[in-house]
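Have a look at the structure below, then the notes.
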Amino acid sequence: MDALCPSPPGPSRPQRNYERIGERTGTSFFQTLIHLLKGNIGTGLLGLPLAVKNAGLVIGPLSLLVMGIIAVHCMKLLVKCSHHLSANMNRQSLTYGEAMQYGMETVPWLRRHSQWGKRTVNLFLIITQLGFCCVYFVFLSDNVKQVVEAANATTFNCQMNYTNQTQILVPSFNSRLYMLCFLPFLILLVFVRNLRYLAPLSLVANLVMTTSLVLIYIYSLTHITYPINLPKVGRAKDYPLFFGTAIFAFEGIGVVLPLENKMQRPQTFTLVLFLGMGIVTFLYISLGTIGYLCFGEHIGASITLNLPNCWMYQSVKLLYCFGIFITFALQFYVPAEILIPPALARVTERWATTVDLLLRTVLVIFTCALAILIPELDLVISLVGSVSSSFLALIFPPILEMLAFHTEGLSPLATAKNIVISLVGLVGFVTGTYIAIMEIVARNAEKHEETFSNYMVQ
């Protein structure tokens, strides 16, 4: 999100008049709260019931609560360090990357390499956002494929499916072909370089996604089967997959500084942060737990894949897909604004538009290719969360506090706390990435073996 909030030199933070682009005032308390919720609620939420299954019915919700508290604390650390460094540097505001850069400049032996701090943060922002785009490709293909295959038997009676799972009745194309079908439309979507033109569609997408979530909650709550005989603690080898999915869902730290920088009264942002992330954590824990209680061992990579075969819930899948389709452009905007301007600076104005559109096309094709290589929604979510989200959400903020306040002197307790949080993120990164890659390899081997067996039988 660094690209969404440029930081021109200006008066120090106490002197700001908070006038924004076009001389308009900044966002209100409620607007900022809505943006914060929107930045944290997406496909990750729908994958949390499977994450709870991997951790266990008791350990899963407790772990989500702990991770929520740590994630909010790290967001608060980032805002605190941004305030401190912007005042020291006489800057109006800082982005995540700039905060890391100026934090490294306060340490004499790191000052020469401070630019690498900004570049590293931007690199992980790019990886995270392009990872989101890969997840969206897989999510769209899986859900639309399921709706198409069940279309002939879809009815208006939502009680027919006693297994609480959409039945696959008419085999159709491989999910990879569905991704290729979405590819040209997503390329055309990202050709819209001004996000203001997408604002009406974004509003509609928010409304339909909210409606879909309400219907998912209602169905899950009213179809919990008793007695509940689900494992309270999951297998140890599955816990890293839980970590990756959970930190993927909580990875809203990239929107924190842009939102705080654009507030009309940024002094109230702490309240927005605690209120918004409190709501987000409640949604994560509740849907993760309720979804697992409802569908049990049959829970899919996304809870939408378990909804019954009736038109109401098939519509829920399609509506959520529409919301994700529009959100693709918003997620894509960040890496595009970081990667494309340096390339445009090297060409003449005559070729600028052509090169811009070409690079956007290449980036979308790249994300589609990655999704085609790994068409496993749950594992892609866990891999993206483990690889990049763990750094942005857990590892970098504590390190930044130790850098920014090292001259003032942090207490031993604060230093120990920061080291522990960073180590948790590092262990999650290593174990989550390893397990996700191993699971991807194992599933691909199983599919190739099954395909070979079918070929031999024919």
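Among the residues of region 299-329, write down those that are of a type in the set (Phe, Trp, Tyr) and under 11 Å from Leu140 (Cα atoms).
Of everything in region 299-329, those that are of a type in the set (Phe, Trp, Tyr) and under 11 Å from Leu140 (Cα atoms) turn out to be Tyr320, Phe322, Phe325, Phe328.
List every residue pair whose Cβ atoms sit under 6 Å apart, with the two residues 6 or more apart in sequence or on different chains, where the first one lies in region 266-284 and is hydroxyl-bearing (Ser, Thr, Tyr) and the second, anywhere, is open to solvent by 30 Å² or more (accessible area, probe 1.4 Å).
Close Cβ pairs satisfying both conditions: Thr268/Phe29.
Hey, can you tell me all the residues within region 160-187 that are open to solvent by 40 Å² or more (accessible area, probe 1.4 Å), of a type outside the set (A, V, I, L, M, F, W, C) and either in a helix (DSSP H, G or I) or modelled with pLDDT of 90 or more (or both)?
Arg176, Pro184
Being over 14 Å from the mean Cα position of the chain (by Cα) and at pLDDT 90 or above is the filter here, so list the residues in region 139-159 that pass it.
Correct list: Leu140, Ser141, Asp142, Asn143, Val144, Lys145.
Among the residues of region 319-330, is any modelled with pLDDT of 90 or more, aliphatic (A, V, I, L, M), more than 14 Å from Val135 (Cα to Cα) and crowded, with 23+ Cβ neighbours inside 10 Å?
no
Being over 16 Å from Lys232 (Cβ atoms) and out of contact with any helix residue (DSSP H, G or I) (no Cβ under 6 Å at 6 or more places or on another chain) is the filter; apply it to region 48-69 and report the residue that is least open to solvent (accessible area, probe 1.4 Å).
Val66
For region 396-418, which positions are over 15 Å from Ala71 (Cα atoms) and β-branched (Val, Ile, Thr)?
The answer is Thr407, Thr415.
Listed here are the residues, each with its yes/no results for (1) closer than 19 Å to Gly252 by Cβ; (2) in contact with a Leu (Cβ under 7 Å, 6 or more places away or on another chain); (3) in contact (Cβ under 8 Å) with a residue 24 or more places away in the chain.
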| position | (1), (2), (3) |
| --- | --- |
| Phe322 | no, no, yes |
| Phe325 | no, yes, yes |
| Ala329 | yes, yes, yes |
| Arg346 | no, no, no |
| Thr353 | no, no, no |
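Residue-by-condition table, conditions (1) among the hydrophobic types (A, V, I, L, M, F, W, C); (2) more than 17 Å from His83 (Cβ to Cβ); (3) touching a residue at least 24 places away in the same chain (Cβ under 8 Å):
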position: Ile228; (1), (2), (3): yes, yes, yes
position: Gly234; (1), (2), (3): no, yes, yes
position: Asp238; (1), (2), (3): no, yes, yes
position: Ile247; (1), (2), (3): yes, yes, yes
position: Phe250; (1), (2), (3): yes, yes, yes
position: Val256; (1), (2), (3): yes, no, yes
position: Lys262; (1), (2), (3): no, no, yes
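Would you check which residues across region 389-410 are of a type in the set (Gly, Ala, Ser) and either touching a helix residue (DSSP H, G or I) at 6+ places or on another chain (Cβ under 9 Å) or part of a helix (DSSP H, G or I) (or both) and list them?
The answer is Ser389, Ser390, Ala393, Ala404.
Give the number of residues within region 200-225 that are more than 28 Å from Leu48 (Cβ to Cβ) and either within 20 Å of the chain's Cα centre (by Cα) or outside any helix (DSSP H, G or I) (or both).
0
Only one of (1) of a type outside the set (Asp, Glu); (2) at pLDDT below 90; (3) touching a Ser or Thr at 6+ places or on another chain (Cβ under 7 Å); (4) within 16 Å of Thr281 (Cβ to Cβ) is not met by Tyr18, so which one is it?
(4)
Tell me which residues, restricted to region 333-355, are closer than 17 Å to Ile126 by Cβ and open to solvent by less than 70 Å² (accessible area, probe 1.4 Å).
Result: Tyr333, Val334, Pro335, Ala336, Glu337, Ile338, Ile340, Pro341, Ala343, Leu344.
The values are calculated or read from the model by the stated rules, or taken from the named source; none is laboratory data. Note that the structure is a prediction, hence the values are computed from the model and not measured. Because the Cβ atoms are built from the backbone with ideal geometry, glycine has one as well, and the counts that use them run over all protein chains shown. Quick note on the areas: whole protein, heavy atoms, side chains included, nothing else; ligands and nucleic acids left out. Shrake-Rupley method; radii C 1.70, N 1.55, O 1.52, S 1.80 Å.
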